[in-house]
Amino acid sequence: MEALPNSSERSVSLRRLLNDHTVALPGAINALSARLIEREGFEAVYVSGAVLANSVGGVPDTGLMTLTESVAHCAAIAGATRLPIIADADTGYGGPENAARTVRELEHAGVSGIHLEDQEFPKRCGHLAGKQLVPAEAFCQTIAAASAARSCDDFLLIARTDARGVTGYDDAVARAHAYLDAGADAIFPEALRDADELRRFARDMSRDGARALLLGNMTEFGQTPYLSVDEFADMGYSMVIFPVTLQRVAMKAMQEALRVLRREGTQQSLLQSMQTRQELYDLLGYDGTVGGSARTGGLGS
């Protein structure tokens, strides 16, 4: 049975990928979907806090899930794939000391990087109105504590700022620079409004001719327009997450399937839209290996 990489090994792999090209990260719903993400040739996995709240807890994304639940969810995903994993750690589940513990716990679970956000607790979805920010100085303390808690220097610490939708674009830029100075490796500017603003933000984050690592959020039905990974790359973004795409597609498909079952009393007309038993077995690795054929991809192989 092939051993899965630990957090440090995944972190090194993630850094190597980011140094080479812009990385697309589909959001896994669960461990099985993480296997599928790897099987389909993606290089990294994202774990959304919204998906954790919605699919695991059955609750809104309003800070209701705990660190314990996040760690368990991430550990299950890490146990199903060799890919690097970036996890949404919300506000760090408390103050600076809590954020430090969050880093240690998620590293132990196998995660390669996290992002922390500068909203007040309880947080709100980044594309909704009514968000409130913590003072930049306080969040810098959180970032510094999280950075110091890493056991591996390559573990990626991403600072998300929600300032664009609260205090405006200029404050988002100012906060992002402060967060980098406090120890963040990358910036996640949430809910920028259009391609010009995304491009401008990347320019404004340049320092001495070097661009900061930036994460673009390609969520659906939000403030940010639909852009491809290549378009984000051209703007200077190193990571593009698709946090809730798989959950939304799966939920719509399940809704339609339930309506067919209720209407027809049989699933027979749904067979052509199903994953077959053999396809599931192949994905799960019923030949006795960890992850079966999913092991053929990931980490540059």
Being among the polar types (S, T, N, Q), free of Cβ contacts under 8 Å to residues at least 40 places away in the same chain and surrounded by 11 or more Cβ atoms within 10 Å (Cβ to Cβ): is that true of Ser228 here? yes
Suppose we filter the range 176-185 for residues that are surrounded by 24 or more Cβ atoms within 10 Å (Cβ to Cβ) and not in a loop (DSSP other than H, G, I, E, B); how many remain? 2
With the requirement that a residue be touching a Ser or Thr at 6+ places or on another chain (Cβ under 9 Å) and over 16 Å from Ala172 (Cβ atoms), what does the range 214-233 give you? Met218, Thr219, Glu220, Val229, Asp230, Phe232, Ala233
Cβ pairs under 6 Å, 6+ apart or interchain, first in the range 268-288 and touching a residue at least 24 places away in the same chain (Cβ under 8 Å) and within 20 Å of Val249 (Cβ to Cβ), second part of a helix (DSSP H, G or I) and of a type outside the set (Gly, Ala, Ser), ordered by first then second residue, are Leu283/Arg35
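Within the range 223-236, count every residue that is in a loop (DSSP other than H, G, I, E, B) and either out of contact with any Asp or Glu (no Cβ under 9 Å at 6 or more places or on another chain) or within 16 Å of Phe42 (Cα to Cα) (or both).
Residues in the range 223-236 being in a loop (DSSP other than H, G, I, E, B) and either out of contact with any Asp or Glu (no Cβ under 9 Å at 6 or more places or on another chain) or within 16 Å of Phe42 (Cα to Cα) (or both): 3 in total.
Quick check: anything in the range 30-46 within 18 Å of Tyr281 (Cα to Cα), touching a Ser or Thr at 6+ places or on another chain (Cβ under 9 Å) and small (Gly, Ala, Ser)?
Yes, that holds for at least one residue.
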Is there any pair with a first residue in the range 99-110 that is under 16 Å from Leu4 (Cα atoms) and touching a residue at least 60 places away in the same chain (Cβ under 8 Å) and a second that is hydroxyl-bearing (Ser, Thr, Tyr) and assigned to a helix (DSSP H, G or I) whose Cβ atoms are under 7 Å apart and which are 6 or more apart or on different chains, and what are they? Glu107/Ser7; Gly110/Ser7
Pair list, Cβ < 9 Å and 6+ apart or interchain, from the range 151-163 residues that are in contact (Cβ under 8 Å) with a residue 60 or more places away in the chain to residues that are part of a loop (DSSP other than H, G, I, E, B) and of a type in the set (A, V, I, L, M, F, W, C): Phe155/Val111; Ile158/Ala184
Test Leu67 against the stated conditions and say whether it is in contact (Cβ under 8 Å) with a residue 40 or more places away in the chain and of a type outside the set (S, T, N, Q). no
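Conditions (1) within 17 Å of Val240 (Cα to Cα); (2) crowded, with 18+ Cβ neighbours inside 10 Å; (3) touching a residue at least 60 places away in the same chain (Cβ under 8 Å), marked per residue:
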| site | (1), (2), (3) |
| --- | --- |
| Leu4 | no, no, yes |
| Thr22 | yes, yes, yes |
| Leu25 | yes, yes, yes |
| Leu32 | no, no, yes |
| Ala44 | yes, yes, yes |
| Gly57 | no, no, no |
| Asp61 | no, yes, yes |
| Ala72 | no, no, no |
| Ile77 | no, yes, no |
Given the criteria in contact (Cβ under 8 Å) with a residue 24 or more places away in the chain, in contact with a Leu (Cβ under 7 Å, 6 or more places away or on another chain) and crowded, with 19+ Cβ neighbours inside 10 Å, does Asp90 qualify? no
Subset of the range 1-22 (residues that are closer than 10 Å to Val111 by Cα and under 15 Å from the mean Cα position of the chain (by Cα)): Arg10, Ser11
Inside the range 186-211, the number of residues satisfying the requirement of being loosely packed, with under 13 Cβ neighbours inside 10 Å and part of a helix (DSSP H, G or I) is 2
Here are some conditions: (1) more than 26 Å from Ser147 (Cβ to Cβ); (2) under 15 Å from the mean Cα position of the chain (by Cα). Leu64 meets all but one. Which one does it not meet? (2)
If you check Ala138 against the conditions, is it more than 24 Å from Thr22 (Cβ to Cβ), modelled with pLDDT of 95 or more, part of a helix (DSSP H, G or I) and in contact with a strand residue (DSSP E or B) (Cβ under 7 Å, 6 or more places away or on another chain)? no
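The values are calculated or read from the model by the stated rules, or taken from the named source; none is laboratory data. This one's a predicted model, so the numbers in the text were calculated from it and none came from an experiment. No Cβ is skipped: glycine too gets one built from the backbone with ideal geometry, and neighbour counts run over all protein chains shown.
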